[in-house]
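Chemist: First, the structure itself, so that you have it in front of you.
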Amino acid sequence: MNAAREVDVVVVGAGQAGLSGAYHLLRAGLEPGRGFVVLDRSPGPGGAWQFRWPSLTFGRVHGMHALPGTEPTGADPDRPSAEVVAEYFAAYERAFDLRVRRPVDVRAVREGDGERLRVETSAGVWSTRALINATGTWDRPFWPRYRGQETFRGRQLHTAQYAGPEEFAGRRVTVVGGGASGTQHLLEIAPYAAATTWVTRRPPVFREGPFDAEAGRAAVALVEERVRQGLPPRSVVSVTGLPLNDAIRAGLDSGVLDRRPMFQRITHDGLVWADGREEDADVILWATGFRPAVDHLAPLRLREAGGGIRVEGTRAVADPRIHLVGYGPSASTIGANRAGRAAVRDIRRLLTGKGAVAA
């Protein structure tokens, strides 16, 4: 068995949060490949963006923020966001010589020798003094469970499997979920489908006017309080509401975004509500979000009784060697950049023996 390779920091994930962390490690004087290593499960650069559906063009992306140290320039707003962002991230990795290793599946992080962590992967084992976890959520789509779901004779798919609206031509489609993905799917699918139905657990909240810095800080604070208590994080978007832009207004006016309450059960051929109302469906599209991909951290027993990992800033309270970026309040592109900087600030103190401080 090969010996573990020693580094000061392992970065798990090369999306926005992981690349931000790697950039700030460089700024702190650590050398790629020796001082730190970036391990990415994906086949190529781009993080979760590389898997977005082709009809999501760059001009329609909600809140794509630049990586630290550079800006995307000359991006065609009509090109698929998956292509634009993948090219931008690839150029970023080359410009800063980050030497991302991929595809590498991180299977488990355990206690290692002395005060080190043992990172077990599909490409071998690393021994590290600290770990930046930037695995995001794309690998863990959330599928709710409803009675009768397993016997539905139509098609069920999640946002993670959505490839575009054309495949739903002539079908009766039910979209479940009140977030941005759900409304985007509905507005795209409606011109092709025989009929669409929008179902959400709670009435959607539409936000009018600009989303300024003060509103952004308030939204982040709500999510931050949850992870501080050790509760499973909610996304920042979940507490900001849906922007009432021209496309949303048109969808409301046309009736495409006529929201219905959650159904009670699923039949062979459709849906049944608590009041007895029934509706046929050929497709159920679950736009129900994602959960943090942190199962590889399970051996460290970081989860609290509430089901989440208690975090102060980016640091896991139960283990100051572990920093979670792109988790909870930093699960946005601008939040991920700030979290990468904050994590490295704490890690520098840890590596120099000065202890960690809250970010």
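Chemist: VAL109 - would you say it is at pLDDT 95 or above, outside any loop (DSSP other than H, G, I, E, B), over 20 Å from ILE309 (Cβ atoms) and aliphatic (A, V, I, L, M)?
Modeler: No, not satisfied.
Chemist: Sort out which residues of segment 280-291 are under 18 Å from ILE189 (Cα atoms) and outside any loop (DSSP other than H, G, I, E, B), and write them in order of number. Full working, then the answer.
Modeler: The first filter runs over segment 280-291 and keeps only residues under 18 Å from ILE189 (Cα atoms), leaving 280-288.
Within segment 280-291, ASP280, VAL283, ILE284, LEU285, TRP286 qualify.
Chemist: Somewhere in segment 88-102, is a residue in a strand (DSSP E or B), farther than 30 Å from ALA190 by Cβ, assigned by TED's automatic domain parsing to the domain that holds ARG338 and of a type in the set (D, E, K, R)?
Modeler: Residues of segment 88-102 in a strand (DSSP E or B): 101.
If we keep only those that are farther than 30 Å from ALA190 by Cβ too, we end up with 101.
Filter once more, so that each one left must be assigned by TED's automatic domain parsing to the domain that holds ARG338: 101.
When the remaining residues are screened for being of a type in the set (D, E, K, R), the result is 101.
Yes.
Chemist: Here is a list: SER122, SER81. Which entry is free of Cβ contacts under 8 Å to residues at least 40 places away in the same chain, in contact with a Leu (Cβ under 6 Å, 6 or more places away or on another chain) and of a type outside the set (A, V, I, L, M, F, W, C)?
Modeler: Values: SER122 fails: in contact with a Leu (Cβ under 6 Å, 6 or more places away or on another chain).
None of the others qualify; the one that does is SER81.
Chemist: Of (1) small (Gly, Ala, Ser); (2) farther than 30 Å from VAL11 by Cβ; (3) buried (at least 20 other Cβ atoms within 10 Å of the Cβ), SER181 satisfies all except one. Which?
Modeler: Of everything listed in (1) small (Gly, Ala, Ser); (2) farther than 30 Å from VAL11 by Cβ; (3) buried (at least 20 other Cβ atoms within 10 Å of the Cβ), SER181 misses just condition (2).
Chemist: Scan segment 115-162 residue by residue and report those that are under 20 Å from GLY15 (Cα atoms) and among the small types (Gly, Ala, Ser).
Modeler: Listed by number, the residues that qualify are SER122, ALA123, ALA130, ALA134, GLY136, ALA160.
Chemist: Hey, can you tell me all the residues within segment 145-196 that are more than 19 Å from LEU56 (Cβ to Cβ) and of a type in the set (Ser, Thr, Tyr)?
Modeler: Result: TYR146, THR151, THR174.
Chemist: If I ask for residues that are more than 18 Å from the chain's Cα centre (by Cα) and more than 26 Å from GLY170 (Cα to Cα), which ones from segment 277-306 would you list?
Modeler: ALA298, PRO299, LEU300, ARG301, LEU302, ARG303, GLU304, ALA305, GLY306, listed by residue number.
Chemist: Of the conditions (1) buried (at least 19 other Cβ atoms within 10 Å of the Cβ); (2) without any contact (Cβ under 8 Å) to a residue 40 or more places away in the chain, GLY29 fails just one. Which one is it?
Modeler: (1)
Chemist: For segment 24-47, which positions are within 17 Å of the chain's Cα centre (by Cα) and in a helix (DSSP H, G or I)?
Modeler: The one that is within 17 Å of the chain's Cα centre (by Cα) and in a helix (DSSP H, G or I): GLY47.
Chemist: If I ask for residues that are under 15 Å from GLY46 (Cα atoms) and part of a strand (DSSP E or B), which ones from segment 1-23 would you list?
Modeler: VAL12
The values are calculated or read from the model by the stated rules, or taken from the named source; none is laboratory data. Owing to the predicted nature of the structure, the values given are computational and were not obtained by experimental measurement. Using ideal geometry, Cβ is built from the backbone for each residue, glycine included, and neighbour counts are taken over all protein chains shown.
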